1. What does the helix-only formula give at 222 nm for the chain: each DSSP H stretch with n ≥ 4 adding -39500 (n - 2.57), the total divided by the residues, and the result rounded to the nearest 500 deg cm²/dmol?
2. Carbon and sulfur: what percent of the chain's accessible surface (1.4 Å probe)?
3. Per Stokes-Einstein, at 20 °C and 1.002 mPa s, what whole-number D in µm² s⁻¹ belongs to the chain, with the Kirkwood radius over Cα pairs as the hydrodynamic radius?
4. Would you kindly state how much longer the chain becomes between Leu18 and Thr30 on full extension, computed as 0.36 nm times their sequence separation minus their alpha carbon distance, in nm to one decimal?
Amino acid sequence: MREIIWGWLTAAIGLAILVVIFFYGIEFGTWVDEAGSLRSAPPTFILPFVVAGLGLVLFVGGFSVGASAGVQRSKSRR
């Protein structure tokens with residue numbers, strides 16, 4: 001039972017990270033569009049890609065663990 005809970009919780013955390021990074025990307029794009037003519041350099045985009053990659057790994061891993069544990073549990077009930 002713990003595998004199911006932790007799997008889906010991990011998937012939810014990964015999905016939340018991906019949603020936050022998506023909105024950060026919107027704000028970053030808006031900033032670049034508005035401040036593109038300024039002489040200042042835009043913020044780096046490497047860290048958001050790393051965070052999004054970790055979020056994707058959490059989402060996929062949590063989803064696969066939660067789904068496989070749920071299938072195994074339903075098979076054991078029969």
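1. Here the helix-only value at 222 nm equals -31000 deg cm²/dmol.
2. Using a 1.4 Å probe with all protein chains present, the chain comes out at 72 percent carbon and sulfur.
3. Estimated via Stokes-Einstein, D reaches 148 µm²/s.
4. Fully extending the segment from Leu18 to Thr30 adds 2.5 nm.
The values are calculated or read from the model by the stated rules, or taken from the named source; none is laboratory data. Keep in mind that what you see is a predicted model, and the values were worked out from it rather than measured. Remember, those area values only see protein heavy atoms, side chains included, never the ligands or the DNA or RNA. Shrake-Rupley method; radii C 1.70, N 1.55, O 1.52, S 1.80 Å.
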